[in-house]
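A single structure is presented below for examination.
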Amino acid sequence: MTLSERDIEFLTDNHSAAMITVGGDGVAKAARVGVALVDGHLWSSGTADRVRTERLRRDPRCTLFVFNPGFAWLALETSVTILEGPDAPELNMRLFRVMQGRPTGPLSWFGGDLDDQTFLRTMADEKRLIYEFEVHRTYGLY
């Protein structure tokens, strides 16, 4: 599905979301995440050892609930592809540059600023990966 211009505008301006995956018991499980459009793809960051990563490996269905500080929101029904491997640190750098609005220079990470090499090493050490969302349906109040 192609996102509408209105969807794209909302996702460009809002990066706070709840990621809802399906647990082994069939119950929806929610986690707060950051999301951003990177070169036309909707991404979020995770780690190899996160429970949600395990759930997505078993069942790639996911709903995102993207929201702003007011009352506007956008829900996206998606399926997830996990992007991992040697290029995952660089993909995370691209994602965080968009989310933080910093096309160059240091990136914020847990209260400090990291230069490019330290950021990439941190992403590799944390076994960071990218969740890429294929959007099937959108709806909301925005």
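The values are calculated or read from the model by the stated rules, or taken from the named source; none is laboratory data. What you are looking at is a predicted structure, and each value in this text was computed from that prediction instead of being measured. Please note: Cβ atoms are built from the backbone with ideal geometry, for glycine as well, and neighbour counts cover all protein chains shown. Note: accessible area is taken over every heavy atom of the protein model, side chains too, but ligands, DNA and RNA are not part of it. Shrake-Rupley method; radii C 1.70, N 1.55, O 1.52, S 1.80 Å.
So, with +1 on the Cβ of K and R and -1 on the Cβ of D and E, and no other charges, what is the size of the charge dipole of the chain about its Cα centre, to the nearest 20 debye?
Details: 16 positive and 20 negative charges, 84 e Å.
I would put it at about 400 debye.
Can you list the chymotrypsin sites (Phe, Trp or Tyr not before Pro) in the stretch 33-84 that are in a DSSP coil and have 14 or fewer other beta carbons within 10 angstrom?
Values: sites: Trp43, Phe65, Phe67, Phe71, Trp73; in loops: Phe71.
Passing sites in the stretch 33-84 are Phe71.
How much of the accessible area of the stretch 5-142, probe 1.4 Å, is carbon plus sulfur, in whole percent?
Of all accessible area on the stretch 5-142, carbon and sulfur atoms account for 53 percent.
Then there's this: Over the stretch 1-128, with the other protein chains present, what is the accessible area per residue in square angstrom, probe 1.4 angstrom?
54 Å²
Here is a further query. For the chain, what's the relative contact order in percent, using C-alpha pairs closer than 8 Å and at least 6 residues apart?
Result for the chain is 29 percent.
Then there is this: Could you tell me, in Å, what Rg and Dmax come out for the Cα atoms of the stretch 8-84?
According to the Cα coordinates of the stretch 8-84, Rg and Dmax are 12.4, 36 Å.
To continue, here is another question. What are the semi-axes of the equivalent ellipsoid for the chain, taken as the square roots of 5 times the Cα gyration tensor eigenvalues, largest first, in whole Å? Mind showing how you got there, number by number?
Working: eigenvalues 113, 76, 33 Å².
Result for the chain: semi-axes of 24, 19, 13 Å.
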